[in-house]
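Worksheet for the structure shown next.
The values are calculated or read from the model by the stated rules, or taken from the named source; none is laboratory data. Remember, it's a predicted structure, so these values are computed and weren't measured experimentally. Glycine also receives a Cβ, built like all others from the backbone with ideal geometry; neighbour counts cover every protein chain displayed.
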Amino acid sequence: MVEYEVCRKDERNSMGDANETLPIEIEPQEVKRLLDSGDDDVIVIDCRETDEHAIVCLPQAQLLPMSELERLRETLAPYRGRRIVVHCHHGGRSLQVAGWLRQQGYAKAQSMAGGIDRWAQEIDRSLPRY
C-alpha cells in the first residue's frame, strides 16, 4: 500500500505560487543579477545615514536614511508594486526597514543580507570597507 502525505493549504512549501511573498532577505549575488539584468522593476534603497553614505555607496541605490523613513514615507509611494531591495552597513537596519515596508504594504521589500560590507567583500572588492 502506498502512503501519500496530505498537505493542508497553510503548509505549502515556498516553491510554486508566483503571487507568494518573497523571502525577507536577498543575497548580494542575487541583487547583482537583478541589477545586471536591467530590470526596471527593482529599486535599491540605502537606509544608512548621510555620513555613512559619503564613505561608500552603490551607484544604483537611492539614499533614504532609516532615521527619516517615517517623514519620507510618501517618497516611496510610486514604488509600492515594485521590488525594493534595502541595504545598510551589515544588514541589521535594512532588515528592520524591509519589515516595516512590508507592514506598510510593500510586499516585495527585501533586505540585502550582509549589507554593503558583504557587497564589498563578494561583489565589488574595489569599494572601501569601514
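I'd like to verify a number: residues in the stretch 19-33 that are of a type in the set (A, V, I, L, M, F, W, C) and either under 16 Å from residue 89 (Cα atoms) or surrounded by 17 or more Cβ atoms within 10 Å (Cβ to Cβ) (or both), how many?
In the first step, residues of the stretch 19-33 are kept if they are of a type in the set (A, V, I, L, M, F, W, C); the result is 22, 24, 26, 31.
From the residues that got through so far, the ones that are either under 16 Å from residue 89 (Cα atoms) or surrounded by 17 or more Cβ atoms within 10 Å (Cβ to Cβ) (or both) too are 26, 31.
Total satisfying the criteria: 2.
What about residue 41, is it closer than 15 Å to residue 26 by Cβ and loosely packed, with under 15 Cβ neighbours inside 10 Å? Quick ask: steps written out before the conclusion?
Values: closer than 15 Å to residue 26 by Cβ: yes; loosely packed, with under 15 Cβ neighbours inside 10 Å: yes.
Criteria met by residue 41.
For the stretch 49-61, which positions are closer than 16 Å to residue 31 by Cβ and either acidic (Asp, Glu) or surrounded by 13 or more Cβ atoms within 10 Å (Cβ to Cβ) (or both)? So that I can check it myself, show each step before the final result.
Going residue by residue through the stretch 49-61, those that are closer than 16 Å to residue 31 by Cβ are 56-61.
Once the filter is applied, which keeps residues that are closer than 16 Å to residue 31 by Cβ and either acidic (Asp, Glu) or surrounded by 13 or more Cβ atoms within 10 Å (Cβ to Cβ) (or both), the stretch 49-61 yields 56, 57, 58, 60, 61.
Checking the condition at pLDDT 95 or above and not acidic (Asp, Glu), which residue from 35, 69, 76 passes?
Values: 69 fails: at pLDDT 95 or above; 76 fails: at pLDDT 95 or above.
That would be 35, the only listed residue that is at pLDDT 95 or above and not acidic (Asp, Glu).
Could you tell me whether residue 4 is among the aromatic types (Phe, Trp, Tyr) and modelled with pLDDT of 85 or more? Can you show your working first?
Values: among the aromatic types (Phe, Trp, Tyr): yes; modelled with pLDDT of 85 or more: no.
Here the answer is no, as residue 4 does not meet what is asked.
Contact list please: Cβ distance under 7 Å, first residue in the stretch 59-80 and over 12 Å from residue 106 (Cβ atoms) and touching a residue at least 40 places away in the same chain (Cβ under 8 Å), second residue part of a helix (DSSP H, G or I) and not aliphatic (A, V, I, L, M), pairs at least six apart or on different chains.
Every condition considered, no pair remains.
Residues are listed down the side, and each one gets a yes or a no for (1) buried (at least 21 other Cβ atoms within 10 Å of the Cβ); (2) closer than 12 Å to residue 46 by Cα; (3) more than 15 Å from the chain's Cα centre (by Cα):
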| position | (1), (2), (3) |
| --- | --- |
| 65 | no, yes, no |
| 80 | no, no, no |
| 98 | yes, yes, no |
| 103 | no, no, no |
| 112 | yes, yes, no |
| 117 | no, no, no |
| 120 | no, no, yes |
| 123 | no, no, yes |
| 128 | no, no, yes |
